[in-house]
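Just so you know, all these numbers are worked out from the coordinates, no wet-lab data involved. Since we're looking at a predicted model, the values are computed, not measured. Cβ placement follows ideal geometry from the backbone for every residue including glycine, while neighbour counts extend to all protein chains displayed.
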């Protein structure tokens, strides 16, 4: 059987760093496709908005990355990486 890399058959976890405007849309899409998403953002407003949109919000980068099958970063500029 061929399985796509982002097939969510086993409810894989995505650690998402940067859950602002673009990141939240990407997270919602991942959730709609069966992934568990745990995310973090340095801005409190982004974290509050993400939580209101059903994204599991973590208190740190380490927590968002813990036990994740994939890590995605969606940051404003290369310098933020």
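Results, tabulated for the structure shown:
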| item | result |
| --- | --- |
| Simple spin-label estimate for residue 25 and residue 53 in nanometres, 7 Å along Cα-Cβ | 0.9 |
| Exposure proxy order (Cβ contacts within 10 Å, fewest to most) of 43, 16, 35, 70 | 43, 70, 35, 16 |
| Order of 59, 69 under a 10 Å beta carbon neighbour criterion, fewest first | 59, 69 |
| Stretchable slack from residue 12 to residue 70, in nm (0.36 nm times residue separation minus alpha-carbon distance) | 20.1 nm |
| Candidates 39, 18, 54, ranked by Gaussian network fluctuation over the chain, Cα under 10 Å, top entry | 54 |
| The chain: most fluctuating residue of 64, 46, 32 per GNM, C-alpha cutoff 10 Å | 32 |
| Coordinate range along principal axes, alpha carbons of region 13-80, Å, largest first | 30, 23, 20 |
| Length-normalised contact order for region 13-80 - Cα pairs under 8 Å, 6+ apart - percent | 45 |
| Residue 77 paired with residue 33, simple spin-label distance in nm, labels 7 Å along Cα-to-beta-carbon | 3.0 |
